[in-house]
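Note sheet for the following structure.
The values are calculated or read from the model by the stated rules, or taken from the named source; none is laboratory data. Worth saying up front: this structure is predicted, and the values here are computed from it rather than measured. So basically every Cβ, Gly included, is an ideal-geometry build from the backbone, and we count neighbours across all protein chains shown. The protein model used for the area step is the full one, side chains on, heavy atoms only, and it has no ligands, DNA or RNA in it. Shrake-Rupley method; radii C 1.70, N 1.55, O 1.52, S 1.80 Å.
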Amino acid sequence: MNIRRFALGDGSASSVALSSIVFTAGFTTAVILPFYLYLFGAGIFWEYLGIAICTLIVWGVESYPLMRYKRKSKNILTLPGFFEYRFKARGGILRLFAAVEIVVLSIVLAALLVKELCIILGTVMGLDATGLMVAVLLLLSSILGLTGIDLVFKTAWPKAVILVIGLAVVAIYMYFSMGNEKLMRALMSSDITGSVSRYLDTLYHDGKLLEPEDYISLLSMGLLAAGMPFMLGIFFSSKSAKGINKGRKMIVVYGILLFEAAFFTGAISRGYLHPEKLTNSLSQYISMMVLKLNESGDMGRVSAFLFMLVIFLGFITAIEGSLHVVITSLYDDILSSGRIVKINPKKCKRDIMIIAISVGVTTLLVAAYIEQMSISLIITFIATLGCSISPTVFLSLVWGKMNSHGCMAGLVAGLASVPFFKFAPFFLQGGERVSLCDILGINSVIPSMLTTVLFIVLFTVITRKNDDEMEKEVEKEFRSIKSRISE
């Protein structure tokens with residue numbers, strides 16, 4: 001195996017498309033949506049509408065140019081490699097910075113995900129979470145080292161089917177085991193803020209009528225999907241425009257099916273778990289679901305098994321995608337330059353396995369070091385990565401005048417903006433120091449993305465030289481990429 005085969009694989013159009021949507025929706029929709037619906041009600045719909053809009057924009061606007069740049073260069077395997085080729089950046093600094101940012105954030109994200117998964121498995125199965133982390137990471141990194149992205153492609157169909165069928169079976173079983181009347185009574189008695197009609201109304205969130213800033217916050221969270229390196233890098237594996245067109249149709253159909261299955265599972269689970277006390281802990285919620293299902297006879301035990309399988313696969317799809325990005329970027333963007341160690345192309349298979357195991361061990365150490373574990377912490381790291389990568393990639397594909405200085409400024413600004421807007425207490429409200437997001441009543445995504453865009457435009461305009469031959473060449477190539485290419 002060489003690094004090209006490891007990074008791009010040999011997947012069919014359908015497996016590439018399903019790998020993309022399963023990575024994007026496996027964790028956010030199959031795992032988080034039922035839990036958030038259980039907690040807050042149908043108003044969470046707007047966050048997932050944002051994910052759907054974002055996914056359609058990525059597949060509609062960014063897919064073709066990324067594929068065409070890959071076909072033109074032949075050597076692009078990663079987003080940092082794309083940045084270097086797109087802007088003809090000299091010295092390797094842009095590529096190295098982008099790679100380090102993606103590697104560090106992806107390792108932390110993978111560590112957070114694997115730790116939460118193992119906490120859940122430990123709670124449900126009564127096993128040691130640390131031992132589970134060792135087993136999951138070493139096994140997954142070893143298999144990835146041997147198979148590369150083909151592991152993701154070949155398992156895309158089974159994962160996609162299990163996620164939808166598993167959630168559908170659980171939702172149907174819960175509904176018919178209670179019946180409509182008993183379910184409604186349980187919902188009314190489950191400490192719902194407001195009423196059942198508000199709980200099931202998309203215009204209410206946790207019993208409160210959504211305000212304009214709430215819509216902004218919920219929709220903007222979905223935009224983060226466009227900044228996931230694995231989702232964007234999947235287009236380097238696409239072979240033709242026909243494959244991308246086929247993929248678009250598949251993700252629309254599959255996305256709707258998965259959303260509906262997860263939506264009904266979450267809504268019904270609120271009544272099904274009554275009279276258990278409401279919990280804001282994901283691991284406790286899953287544990288309660290599995291325990292209640294297991295107590296309900298043979299079909300209940302089957303439903304409990306399917307529910308845990310869905311949870312496991314939802315986490316694994318996100319973890320394996322993150323690890324694949326890290327391994328590929330470490331080899332192709334950081335180590336192959338020869339600045340740190342010498343890479344022998346003839347021993348690529350051995351080196352990839354060494355890197356894969358090292359990444360698994362590093363992720364394990366990071367996971368073991370993290371003390372405070374919560375879904376909000378995972379979302380913060382997703383936001384940091386998304387607000388840096390998403391606007392930078394988008395502008396690089398739609399604005400021909402953007403240059404390497406603007407790209408670097410966008411990556412830096414996006415990296416710093418999320419923690420700044422979310423945590424920096426520069427404002428005084430009610431005698432307390434609060435952040436800008438607290439003042440505005442929104443999350444950090446929109447101000448962070450706007451800051452990234454502003455820095456990209458500002459630094460591009462300041463540093464642009466209209467008479468520079470290199471910049472003229474970059475613009476000419478950009479126009480050729482945007483024009484129709486015969487397939």
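At-a-glance table
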| quantity | calculated |
| --- | --- |
| Hits in the range 429-450 (condition: part of a helix (DSSP H, G or I) and open to solvent by less than 30 Å² (accessible area, probe 1.4 Å)) | CYS437, VAL445, PRO447, SER448, MET449 |
| Some residue of the range 198-210 being aliphatic (A, V, I, L, M), in contact with a strand residue (DSSP E or B) (Cβ under 9 Å, 6 or more places away or on another chain), under 30 Å from GLU276 (Cβ atoms) and open to solvent by less than 20 Å² (accessible area, probe 1.4 Å) | yes |
| Selection from the range 225-242 of residues that are crowded, with 20+ Cβ neighbours inside 10 Å and part of a helix (DSSP H, G or I) | ALA225, ALA226, GLY227, PRO229, PHE230, MET231, LEU232, GLY233, ILE234, PHE235, PHE236, SER237 |
| Subset of the range 73-97 (residues that are of a type in the set (Lys, Arg) and open to solvent by less than 10 Å² (accessible area, probe 1.4 Å)) | ARG86 |
| Residue among LEU293, LEU273, LEU282, LEU257 that is among the hydrophobic types (A, V, I, L, M, F, W, C), in contact (Cβ under 8 Å) with a residue 24 or more places away in the chain and open to solvent by 30 Å² or more (accessible area, probe 1.4 Å) | LEU257 |
| Output for the range 191-208, where each listed residue is touching a Leu at 6+ places or on another chain (Cβ under 7 Å) and in a loop (DSSP other than H, G, I, E, B) | ASP191, LEU203 |
| Tally of residues being open to solvent by 70 Å² or more (accessible area, probe 1.4 Å) and β-branched (Val, Ile, Thr) across the range 164-192 | 2 |
| Subset of the range 209-224 [of a type outside the set (Gly, Ala, Ser) and either part of a helix (DSSP H, G or I) or modelled with pLDDT under 85 (or both)] | PRO212, GLU213, ASP214, TYR215, ILE216, LEU218, LEU219, MET221, LEU223, LEU224 |
| Odd one out for VAL474, checked against (1) open to solvent by less than 40 Å² (accessible area, probe 1.4 Å); (2) of a type outside the set (Ser, Thr, Tyr); (3) in a helix (DSSP H, G or I); (4) closer than 19 Å to GLY414 by Cα | (4) |
| Top-ranked residue in the range 123-157 [being in a helix (DSSP H, G or I) and among the polar types (S, T, N, Q); ranked as surrounded by the most Cβ atoms within 10 Å (Cβ to Cβ)] | SER141 |
| Out of ILE102, ILE44, sole residue that is surrounded by 19 or more Cβ atoms within 10 Å (Cβ to Cβ), in contact (Cβ under 8 Å) with a residue 24 or more places away in the chain and in contact with a strand residue (DSSP E or B) (Cβ under 8 Å, 6 or more places away or on another chain) | ILE44 |
| Close pairs from the range 353-364: first open to solvent by 60 Å² or more (accessible area, probe 1.4 Å), partner among the charged types (D, E, K, R) and in a helix (DSSP H, G or I), Cβ under 6 Å, at least 6 apart | none |
| So VAL161, is it under 19 Å from the mean Cα position of the chain (by Cα), in a helix (DSSP H, G or I) and surrounded by fewer than 21 Cβ atoms within 10 Å (Cβ to Cβ) | no |
| Of the criteria (1) free of Cβ contacts under 8 Å to residues at least 40 places away in the same chain; (2) outside any loop (DSSP other than H, G, I, E, B); (3) not hydroxyl-bearing (Ser, Thr, Tyr), which one LEU395 fails | (1) |
| Close pairs (8 angstrom Cβ cut-off, 6 or more residues apart or separate chains): on the phi > 0 side of the Ramachandran plot in the range 429-441, assigned to a loop (DSSP other than H, G, I, E, B) anywhere | GLY441/GLU211 |
| Within the range 16-41, tally of residues that are more than 13 Å from the chain's Cα centre (by Cα), hydroxyl-bearing (Ser, Thr, Tyr) and open to solvent by 10 Å² or more (accessible area, probe 1.4 Å) | 1 |
| Selection status of GLY266, open to solvent by 20 Å² or more (accessible area, probe 1.4 Å), among the small types (Gly, Ala, Ser) and closer than 22 Å to ALA30 by Cβ | no |
| Residue within the range 260-277 that is of a type outside the set (Asp, Glu) and within 20 Å of TRP157 (Cβ to Cβ) present | yes |
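This table checks each residue for (1) farther than 19 Å from GLY321 by Cβ; (2) of a type in the set (S, T, N, Q).
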site	(1), (2)
ASP214	yes, no
SER220	yes, yes
LEU223	no, no
MET250	no, no
SER303	yes, yes
LEU306	yes, no
